[in-house]
Amino acid sequence: MTEIIDGNEIADRIKTELEVCVETLSDHGVTPGLATVLMSDDSASETYVNMKQRACEEIGIEGRHHELDPETSSDTLEGRIEALNENPNVHGILVQMPVPDHVDEQTILERIDPMKDVDGFHPENVGKLVTGDPQLKPCTPHGIQRLLAATGVETAGKDAVIVGRSNIVGKPMMNLLVQKNNLGNATVTTCHSRTNNLTEKMRNADIVIAAAGVPELIDGSMLSEDTVVIDVGVNRVDADDDKGYELVGDVEFESAVEQASAITPVPGGVGPMTIAMLLYNTVKAASLQENVDIDL
Ligand code: NDP
């Protein structure tokens, strides 16, 4: 029987644990604070930021939302980040990507104080992740590690195939799974648009993590029996309903579920974990900055 991995349920458990940590911080006079910065009119970006702010409220993190006109200069955005870096009530800073074309994304990521970098994208945090001493891990790959652990999927000695090599999902996922620890120790193959024989790589996999951003790229015929399938993809495709679109993953669920031993749905799989791990990073950042020892 294939296990459908319930990301909402696992994320709720993590949020309950984090609520206890927030109470401990509060006993020390600390309220963790997360600043989100949006510089876009994109409706999906607005939705993501709102979801993150709502999740903060749920567990007692103080959310502060900043909106900048998409025409604003990069200097203004950088100035805003500088002010947030200096603000002792702000423990985490998240600039919602993408930023407009006239703003260099990497410059912005590097302006954020690495201790407040709750996305885990600053080069200092990337370096620490690669060397096996992570400070703040990127939320989506960290969430996937926690999903695997909560589902009882052993990664040690397993062949993991990641489809996608982005800086936010594929590469950090590769680095986390290959680490010498109890959530790693996997043998990792990272695929991308120039990979030959993708199907052959899939068939050798015990664990497939699909993060290509291509609707239903992977179907059941490409998978071996008993593969664990984690679908990161969130793709809007046209639909004949009021909204005019529906969300599908990078995996064709109906055929993949026949082969998989466990699989995440879209929505309700990886997405809620990404938000839970953002809250986790904010609480962790607050505990590090305020020198409060909490069990995370
Ligand atoms: P990017 O577009 O940055 O990266 C996509 C990667 O997939 C690239 O490395 C690309 O290769 C590779 N790729 C594209 N087409 C193929 C193909 N046909 N075969 C093999 N590899 C391919 O995407 P992201 O990493 O930002 O996101 C991936 C997906 O995950 C998206 O659908 C996104 O919406 C979703 N997402 C979901 C999150 C969640 O919380 N659920 C969080 C973050 C992302 P190349 O490098 O050669 O171009």
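The values are calculated or read from the model by the stated rules, or taken from the named source; none is laboratory data. The model shown is predicted, which means the values in this text are computed figures rather than measured ones. Don't worry about glycine lacking a Cβ; one is built from the backbone with ideal geometry, like all the others, and counts go over all protein chains shown.
In region 210-224, which residues are of a type outside the set (Ser, Thr, Tyr) and either out of contact with any helix residue (DSSP H, G or I) (no Cβ under 6 Å at 6 or more places or on another chain) or more than 20 Å from THR151 (Cβ to Cβ) (or both)?
ALA210, ALA212, GLY213, VAL214, PRO215, GLU216, LEU217, ILE218, ASP219, MET222 - these are the residues of region 210-224 that are of a type outside the set (Ser, Thr, Tyr) and either out of contact with any helix residue (DSSP H, G or I) (no Cβ under 6 Å at 6 or more places or on another chain) or more than 20 Å from THR151 (Cβ to Cβ) (or both).
Just checking, which of THR107, THR140, THR195, THR189 is in a helix (DSSP H, G or I), surrounded by fewer than 18 Cβ atoms within 10 Å (Cβ to Cβ), in contact with a helix residue (DSSP H, G or I) (Cβ under 8 Å, 6 or more places away or on another chain) and of a type in the set (Val, Ile, Thr)?
It is THR107.
Can you find a residue that is crowded, with 19+ Cβ neighbours inside 10 Å, within 23 Å of the chain's Cα centre (by Cα) and not aliphatic (A, V, I, L, M) anywhere in region 199-213?
Yes, the conditions are met somewhere in region 199-213.
Please work out if MET277 is under 18 Å from GLU154 (Cα atoms), within 10 Å of the ligand (Cβ to nearest atom) and either outside any strand (DSSP E or B) or assigned by TED's automatic domain parsing to the domain that holds THR151 (or both).
no
Search region 248-274 for residues being part of a helix (DSSP H, G or I) and either within 16 Å of the ligand (Cβ to nearest atom) or crowded, with 21+ Cβ neighbours inside 10 Å (or both), and hand back the single one that is farthest from the chain's Cα centre (by Cα).
Per the stated criteria, the residue is ALA256.
Quick one: count up the residues across region 104-163 that are within 30 Å of THR72 (Cα to Cα) and in contact with a Lys or Arg (Cβ under 7 Å, 6 or more places away or on another chain).
Qualifying residue count, region 104-163: 2.
Considering only residues that are farther than 17 Å from ALA186 by Cα and not hydrophobic (A, V, I, L, M, F, W, C), look in region 129-149 and name the one that is farthest from the ligand (Cβ to nearest atom).
ASP133
Looking at GLY213, GLY164, GLY152, GLY184 in this structure, which one is away from the ligand (no atom under 16 Å from the Cβ), on the phi > 0 side of the Ramachandran plot and not assigned by TED's automatic domain parsing to the domain that holds MET97?
Criteria check complete, one pass: GLY152.
Which condition number does VAL234 fail, the rest of (1) crowded, with 24+ Cβ neighbours inside 10 Å; (2) closer than 29 Å to ASN125 by Cβ; (3) of a type outside the set (Asp, Glu) being met?
It fails just one condition, (1).
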